[in-house]
Amino acid sequence: MDNLQRMGGIAALYQAATYLMGIVFYLFVLDYLSVVEPIQKVKLLVDNQISMYVTHLLMYVVFGIFLVVLALALYERLKTGASAIMRAATALGLIWAGVLIASGMIFNAGIAPLVALYDKDPAQAALVWSGIESVSNGLSSANGEILGGLWTLLVAWAALRAGGLPKFLNYLGVVVGLVGLLSAVPVLNGLKGVFGMSQLVWFVWLGIVMLRQSPSAAVQKTGSSSPC
């Protein structure tokens, strides 16, 4: 049990680190979001194919694997006081992990053929990449953080009932989860950035707690009668 909690804590800190890595890489190194022309986007990918491959491997594939570990560790930590909620949360966490892994693998699988096609026909390469990126973005919740938001919300709700995590961490989790769900509304899609930054903080705090505090100690500290 203690080993699983430590693994979960490490997983949460890794996930926070990949969020930070993605922000730095895509916003400041590549300035990827400012590139809107399809051919320019493909050229940026061709020029940075290795770094983008590695970044997607770490941010989606490995992230998804660590998310499985975290989801299972949280289930073991919180199931006693909120078993039904945690069963639902764990199922959602595993689904979220699966689609993130699929997103990263689809993105990376498309890079090599895209580079080969770009040398022959840049316009056709841009058209092909538009389809690949649309599928990858759909799986990674580019249209709204429904899975990630709902998973975080359920974990926070379960922790408020079970008392296995600090109360204010759980309140933060509720806010993060609600922001993620609201980002699925088309006019509020810009909240994805707020979700990412706030979940980064939640992951760091959660990782530290799981590494430093056993579930039983957390319950004794917060009290099993925490508000639900």
Within the range 146-169, the count of residues that are modelled with pLDDT under 95, in a helix (DSSP H, G or I) and crowded, with 24+ Cβ neighbours inside 10 Å comes to 1
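Within the range 49-63, can one find any residue that is touching a helix residue (DSSP H, G or I) at 6+ places or on another chain (Cβ under 7 Å) and within 28 Å of R161 (Cβ to Cβ)?
Among the residues of the range 49-63, at least one is touching a helix residue (DSSP H, G or I) at 6+ places or on another chain (Cβ under 7 Å) and within 28 Å of R161 (Cβ to Cβ), which makes the answer yes.
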Scan the range 71-93 and tell me whether some residue there is surrounded by 15 or more Cβ atoms within 10 Å (Cβ to Cβ), under 21 Å from S141 (Cβ atoms) and among the polar types (S, T, N, Q). yes
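Just to be sure, is L72 of a type in the set (A, V, I, L, M, F, W, C) and touching a helix residue (DSSP H, G or I) at 6+ places or on another chain (Cβ under 6 Å)?
Details: of a type in the set (A, V, I, L, M, F, W, C): yes; touching a helix residue (DSSP H, G or I) at 6+ places or on another chain (Cβ under 6 Å): no.
The answer is no for L72.
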Being outside any loop (DSSP other than H, G, I, E, B), in contact with a Pro (Cβ under 8 Å, 6 or more places away or on another chain) and touching a residue at least 60 places away in the same chain (Cβ under 8 Å) narrows V204, V209 down to just V209
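Being of a type outside the set (A, V, I, L, M, F, W, C) and in contact (Cβ under 8 Å) with a residue 60 or more places away in the chain is the filter here, so list the residues in the range 94-132 that pass it. Give the steps one after another, and end with the answer.
Filtering the range 94-132 down to residues of a type outside the set (A, V, I, L, M, F, W, C) leaves 98, 103-104, 108, 110, 113, 118-122, 124, 130-131.
Correct list: Y118, P122, S130.
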Note: among V187, V176, just one is of a type outside the set (K, R), free of Cβ contacts under 8 Å to residues at least 60 places away in the same chain and in contact with a helix residue (DSSP H, G or I) (Cβ under 8 Å, 6 or more places away or on another chain), namely V176
Selection from the range 1-35 of residues under 22 Å from A109 (Cα atoms), of a type in the set (V, I, T) and either touching a Pro at 6+ places or on another chain (Cβ under 7 Å) or surrounded by fewer than 16 Cβ atoms within 10 Å (Cβ to Cβ) (or both) yields V35
Report task. Would you check if there is a residue in the range 31-38 being over 21 Å from the mean Cα position of the chain (by Cα) and among the acidic types (D, E)? Result -> yes
In the set N143, N137, the lone residue that is surrounded by fewer than 15 Cβ atoms within 10 Å (Cβ to Cβ) and in a loop (DSSP other than H, G, I, E, B) is N143
Checked pairs for the range 68-81, first farther than 15 Å from L169 by Cβ, second outside any helix (DSSP H, G or I), C-beta under 7 Å and 6 or more apart or across chains, list as E76/M1; G81/G163; G81/G164; G81/S224
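The values are calculated or read from the model by the stated rules, or taken from the named source; none is laboratory data. Computed from a predicted structure; not experimentally measured. We place every Cβ from the backbone using ideal geometry, glycine too, and count neighbours over all the protein chains shown.
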